[in-house]
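The values are calculated or read from the model by the stated rules, or taken from the named source; none is laboratory data. Model, not experiment: these values are computed from the prediction. Using ideal geometry, Cβ is built from the backbone for each residue, glycine included, and neighbour counts are taken over all protein chains shown.
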C-alpha cells in the first residue's frame with residue numbers, strides 16, 4: 001500500500017513548485033512531514049533544454065529539497081485548459097496519497113498553464129471528497145486545506161511562512177534547473193533567463209521583510225483560516 005503524505009504540491013511544469021514554495025517543502029520535510037511534488041506536464045514546449053534534461057533537473061531539485069515523492073504526469077504542455085482527464089487523474093492521486101494539505105498555483109499569472117493547473121487541481125481536491133465521484137478512482141478523501149502558491153505573481157499573500165533557515169536549499173533547488181535559468185550560449189532568451197531567480201529571491205525577501213524575517217514564501221487561502229489561540233502566530 002502506498003504511504004500517505006502530508007503535503008502535496010502540484011505544478012503545471014517541473015520547476016513551478018520549486019519557484020513558489022521550495023523553502024516551505026524543505027522546511028516541513030526537515031520537521032518530519034512527508035511531501036510530494038507533482039508536475040502535470042513534462043514542459044515539452046520549453047524554449048531551452050530537453051524533456052530528458054528537465055526530468056534530470058527535476059529529480060535533482062526534489063532530492064535537494066528532500067521530497068518524499070516526485071510524481072510526473074504526461075499531460076500536454078499548453079493543453080491543460082482542455083484536459084478534463086487531468087482532473088480525474090489528480091483526484092486519483094489525492095485519494096491514493098491522502099494529503100492533509102494541497103498547494104496549487106495561483107491563477108493570476110502570465111502563463112496560462114499555471115492558472116489552468118490551479119483550476120484543475122482545485123476541482124480535483126473538491127471531487128476527491130465526493131464518495132460517488134468516480135469510485136473507481138479510489139476511496140473518497142477530504143483535504144484539510146488547499147492553498148495557492150505564487151509563481152510569476154506577487155499578489156498580496158494571506159499568510160507567509162518563514163523559510164529563512166532553509167533558503168540556501170531553495171537557491172540550490174532553483175539552480176538545479178540550469179537549462180531554464182542559465183541555459184548558456186546554446187540557449188535562447190526567455191523571461192526565465194533575465195534575472196528571474198533574482199526576482200524570485202527579491203519577492204521572498206520583500207515578504208520576509210514585511211513579516212519581520214529574512215525570507216518568506218507567500219500563500220493565498222480560499223477561505224478564512226481558523227485559529228484556536230494566538231500561540232500559533234509569530235508576532
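Which condition breaks for residue 155 when tested against (1) under 17 Å from residue 15 (Cα atoms); (2) part of a loop (DSSP other than H, G, I, E, B)?
In the conditions (1) under 17 Å from residue 15 (Cα atoms); (2) part of a loop (DSSP other than H, G, I, E, B), residue 155 misses (1) alone.
Output the qualifying pairs, or none if there are none: Cβ atoms under 7 angstrom, residues six or more apart or on different chains, first residue in segment 54-72 and on the phi > 0 side of the Ramachandran plot and surrounded by fewer than 22 Cβ atoms within 10 Å (Cβ to Cβ), second residue outside any loop (DSSP other than H, G, I, E, B) and at pLDDT 95 or above.
Every condition considered, the pairs that remain are 66/26; 66/29.
How many residues are in a loop (DSSP other than H, G, I, E, B) and surrounded by 23 or more Cβ atoms within 10 Å (Cβ to Cβ) when one looks only at segment 6-40?
Going through segment 6-40, the residues in a loop (DSSP other than H, G, I, E, B) turn out to be 6, 12-15, 31-34.
Filter once more, so that each one left must be surrounded by 23 or more Cβ atoms within 10 Å (Cβ to Cβ): 12-15.
Count: 4.
Those residues that are touching a strand residue (DSSP E or B) at 6+ places or on another chain (Cβ under 9 Å), farther than 11 Å from residue 13 by Cα and part of a loop (DSSP other than H, G, I, E, B), I need them from segment 46-78; list them, please.
66, 67, 68
With the requirement that a residue be part of a loop (DSSP other than H, G, I, E, B), closer than 27 Å to residue 227 by Cβ and in contact (Cβ under 8 Å) with a residue 40 or more places away in the chain, what does segment 120-152 give you?
Step one: of segment 120-152, the residues part of a loop (DSSP other than H, G, I, E, B) are 129-134, 138-144, 150-152.
Checking the rest, the ones that are also closer than 27 Å to residue 227 by Cβ come to 129, 141-144, 150.
Listed by number, the residues that qualify are 141, 143, 144, 150.
Kindly indicate which of 215, 167, 196 is crowded, with 17+ Cβ neighbours inside 10 Å, farther than 25 Å from residue 107 by Cβ and touching a residue at least 12 places away in the same chain (Cβ under 8 Å). Lay out the reasoning, then the answer.
Values: 215 fails: farther than 25 Å from residue 107 by Cβ; 196 fails: farther than 25 Å from residue 107 by Cβ.
Selected residue: 167, the only one of 215, 167, 196 that is crowded, with 17+ Cβ neighbours inside 10 Å, farther than 25 Å from residue 107 by Cβ and touching a residue at least 12 places away in the same chain (Cβ under 8 Å).
Determine whether segment 122-137 contains at least one residue that is touching a strand residue (DSSP E or B) at 6+ places or on another chain (Cβ under 7 Å), under 30 Å from residue 202 (Cβ atoms), at pLDDT 95 or above and surrounded by fewer than 23 Cβ atoms within 10 Å (Cβ to Cβ). Walk me through it before giving the result.
So the first thing to find is which residues in segment 122-137 are touching a strand residue (DSSP E or B) at 6+ places or on another chain (Cβ under 7 Å), and the list is 122, 125.
Those still in the list that are under 30 Å from residue 202 (Cβ atoms) too: 122.
Next cut, at pLDDT 95 or above only: 122.
Applying the additional criterion that residues be surrounded by fewer than 23 Cβ atoms within 10 Å (Cβ to Cβ) yields 122.
Checked against the condition, which is being touching a strand residue (DSSP E or B) at 6+ places or on another chain (Cβ under 7 Å), under 30 Å from residue 202 (Cβ atoms), at pLDDT 95 or above and surrounded by fewer than 23 Cβ atoms within 10 Å (Cβ to Cβ), segment 122-137 yields at least one hit.
Picking from 86, 81, 43, which residue would you name as being in contact with a helix residue (DSSP H, G or I) (Cβ under 8 Å, 6 or more places away or on another chain), under 17 Å from residue 123 (Cα atoms), free of Cβ contacts under 8 Å to residues at least 40 places away in the same chain and not in a strand (DSSP E or B)?
81
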